[in-house]
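Step one of this worksheet: look at the structure below.
The values are calculated or read from the model by the stated rules, or taken from the named source; none is laboratory data. For clarity, every value in this text was computed on a predicted model and none was experimentally measured. Note that each Cβ is placed from the backbone with ideal geometry, even for glycine, and that neighbours are counted across all protein chains shown. Side chains are part of the model used for accessible areas, which takes the heavy atoms of the whole protein and leaves out ligands, DNA and RNA. Shrake-Rupley method; radii C 1.70, N 1.55, O 1.52, S 1.80 Å.
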Amino acid sequence: MEAGKKILITGGAGYIGSHTIIEILENTNYDVTSIDNFSNSSSKTFERIKQITGKEVINYNCDLCNKVELEKIFENENNIIGVIHFAAFKLVPESVEHPNKYYHNNINSLLNVLECCLKFDIPDFIFSSSCSVYGNISELPVKETTPFGKAESPYAYTKQVGEEILKDYAKANPQLHVIALRYFNPVGAHISGLIGEIPLNKPSNLVPVITQTAIGKIKQMTVYGNEYKTRDGTCIRDYIHVTDVAIAHIKALSYLTDNKNKSNFSIFNLGTGTGVSVLEAITSFEKIAGIKLNYKIGKMRAGDVEAIYSETTLSKNELDWDTRFSLDKMMETAWTWELNLNKEN
Ligand code: WQD
């Protein structure tokens, strides 16, 4: 990889964006520029990235829905060879409550970033998609070729529409090379304990809820339903360590820059291939932290799918990528991060 070339990251202060920046700075010669308006993240993250990597990241505080401002950034920055578009709202229950927020932000920002890529001749585009595009699926593990199911939430629908937009743009603009990475459930934190997910409001994702319950920020957590048709009645997900997800982005970039892609729109699942129930996740946490969690069984949550986990053959073979972190390690790094966050505040 050549020095001086730059990757533009949208949502660089966010959870997966920040972990990806670290992996790019530590494992490639690319420079990184970020665009993040801190709507769901903290500017402190860039100080932490510097602490870990020794490198300064330039960030533009810009709302991606503001096309005029966005174009100015692209005009200002030279040598961008690829864009990784992380920035989006991502909470399933919030999207059920505020669909307008999700449709407006997730779709407009994608269109604006894509238009800039075309206008400024940037060839490579990596999109944060989600396993939620599969909907409620009975055939597991789920493959990339499986057609979209009914979107169970507006969030999921924004990812389906996002992929369709990208497919159409790639078809109409052969110079554009796109990869959609379908994340399963990214969890855990950087091994240094210096960065991780910062839920600015009350968290709704399982692992931050677990760690906040353990530390006492949440008195009692709720397991959303134990009457699903699964081995212990609770929902099954494919939890994957955020650093494994981050590394997949570097592999995806190389896949495009080395011209290994077979078409100019490719899709890869990013999961471990192992389904874990909510109760199994809780048990893993209790074991590594040595803490009994205070939880109750509650009602099923709107927008939840019963069970989903990934078929991983395609991403392993094509991207030459594999996951390295176990469920226990995911929980351990999440817990270290929660303890560190708590020391600070
Ligand atoms: C996991 C499980 C809950 C909180 C996420 C992301 C989304 C997307 C897909 C991509 C569910 C249960 C949770 C709690 C619980 N991915 N739970 N008690 O809904 O699968 O969606 O993955 O990038 O962006 O948000 O993840 O962590 O919210 O829930 O019982 O307090 O934990 O019902 O079964 P979800 P989650």
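Note on Gln175 and Glu69: with the Förster distance fixed at 30 Å, the Cβ-Cβ geometry gives a FRET efficiency of about 0.75. Values of log10 I(q)/I(0) for the stretch 155-264 across q = 0.12, 0.16, 0.24 Å⁻¹ run -0.65, -0.97, -1.35, by the Debye formula with one identical scatterer at each alpha carbon and no solvent.
What does the highest-first list of 126-134, 143-151 look like by mean Cβ count within 10 Å? Write out the running numbers ahead of the final one.
On the way: 126-134: 25.1, 143-151: 14.3.
Highest-to-lowest ranking by the protection proxy: 126-134, 143-151.
Evaluated with a Cβ-only charge set (Lys, Arg +1; Asp, Glu -1), the chain carries a dipole of roughly 720 debye about its Cα centre, given to the nearest 20. Mean projection of the Cα convex hull over all viewing directions, computed for the stretch 10-154: 9.9 nm².
The calculated 222 nm mean residue ellipticity attributable to helices in the chain amounts to -12000 deg cm²/dmol, summing -39500 (n - 2.57) over DSSP H runs of n ≥ 4 and dividing by all residues. Using only the C-alpha atoms, the convex hull of the stretch 219-305 corresponds to 145 Å³ per residue.
In this structure, the pairs whose alpha-carbon distance is over 19 Å, taken from Lys119/Lys159; Lys119/Lys262; Lys44/Lys343; Lys6/Lys251, are Lys119/Lys159; Lys119/Lys262.
Over the stretch 1-88, with the other protein chains present, what is the accessible area per residue in square angstrom, probe 1.4 angstrom?
Ligands and nucleic acids excluded, the result is 42 Å² per residue.
So, in Å, what gap is there between the alpha-carbon centers of the stretch 40-82 and the stretch 133-168? Distance between centres, Cα-based: 29 Å. Taking the full set of protein chains and a 1.4 angstrom probe, give the accessible area of Leu64 in square angstrom, rounded to the nearest 10. Per-residue accessible area (Leu64): approximately 10 Å². Across the stretch 295-311, rounded Karplus estimates of 3J(HN,Hα) from the backbone phi angles (6.51 cos²θ - 1.76 cosθ + 1.60, θ = phi - 60°) give 9, 10, 8, x, 6, 4, 9, 4, x, 6, 8, 5, 8, 7, 8, 9, 7 Hz, Gly and Pro being marked x.
Using a simple spin-label model with pseudo-atoms 7 Å out from Cα toward Cβ, Leu339 and Gln220 lie 2.7 nm apart. Distance between the C-alpha centres of the stretch 191-206 and the stretch 99-126: 26 Å, rounded to the whole angstrom. Just so you know, the averaged projected area of the alpha carbon convex hull for the chain sits at 15.9 nm².
For the chain, which whole percent of the accessible surface, found with a 1.4 angstrom probe, sits on carbon and sulfur atoms? Working shown, then result.
On the way: 7170 of 14860 Å².
Answer for the chain is 48 percent, counting heavy atoms of protein chains only.
The residues Lys90, Lys292, sorted by heavy-atom accessible surface at 1.4 Å with ligands and nucleic acids left out, run Lys292, Lys90 from largest to smallest. By a 1.4 Å probe calculation restricted to protein chains, Tyr155 has an accessible surface near 30 Å², given to the nearest 10.
Quick check: from the Cα gyration tensor, does the stretch 201-250 come out rounded (a/c under 1.5), prolate or oblate? Could you put the intermediate results ahead of the total?
Values: a/c = 3.10, a/b = 1.21, b/c = 2.57.
The shape class here is oblate.
Under 14 Å of direct C-alpha separation, and excluding same-chain neighbours fewer than eight residues apart, Lys55 reaches these aspartates and glutamates: Glu23, Glu26, Asp31, Glu47.
Accessible area ranking (1.4 Å probe, heavy atoms, ligands and nucleic acids excluded), largest first, for Asp36, Asp63: Asp63, Asp36.
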